[in-house]
Amino acid sequence: AAWNQHQEIRQAEYQAMADAWPTLSEAGKNRIREGMMDGQISKWEYHPLVKMIMDERGMISISTESVSPAQGRDRLLAVMDQQ
């Protein structure tokens, strides 16, 4: 189970963070930046980030689009670079 938690999150999970990014507080954005310090977010790191997004926004949207985690990660990085 521990190995599974260290795997990278799915594209839909990156997409959810990218969608939430514009409305997050600076503290929330910093938590996502910290999670991306090693270039990706693990399932272990994702759970507290989802809680933070839910606390700040009251909701999180999940995409059903089927693309690779790398494409989702790239979208999150692009949104992060814009601000």
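The values are calculated or read from the model by the stated rules, or taken from the named source; none is laboratory data. Nothing here was measured: the structure is a model prediction, and the numbers come from that model. A quick note on method: Cβ atoms are made from the backbone with ideal geometry, for glycine too, and the neighbour counts reach across all protein chains shown. With ligands, DNA and RNA removed, areas are computed over all heavy atoms of the protein, side chains included. Shrake-Rupley method; radii C 1.70, N 1.55, O 1.52, S 1.80 Å.
Overview of values
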| item | result |
| --- | --- |
| Long-range neighbours under 7 Å by Cβ, at least six apart or interchain, first residue more than 12 Å from LEU24 (Cβ to Cβ) within the stretch 46-63, second among the acidic types (Asp, Glu) | TYR46/GLU13; SER61/ASP19 |
| Residue satisfying condition, being over 18 Å from GLN82 (Cβ atoms), part of a loop (DSSP other than H, G, I, E, B) and not polar (S, T, N, Q), within set GLU56, GLU65, GLU34 | GLU65 |
| Lone qualifier among ILE32, ILE62, ILE41, ILE53 - being open to solvent by 60 Å² or more (accessible area, probe 1.4 Å) and under 13 Å from GLU13 (Cα atoms) | ILE62 |
| GLN11 vs. criteria touching a Pro at 6+ places or on another chain (Cβ under 8 Å), crowded, with 17+ Cβ neighbours inside 10 Å and either farther than 16 Å from LEU76 by Cβ or not charged (D, E, K, R) (or both) | yes |
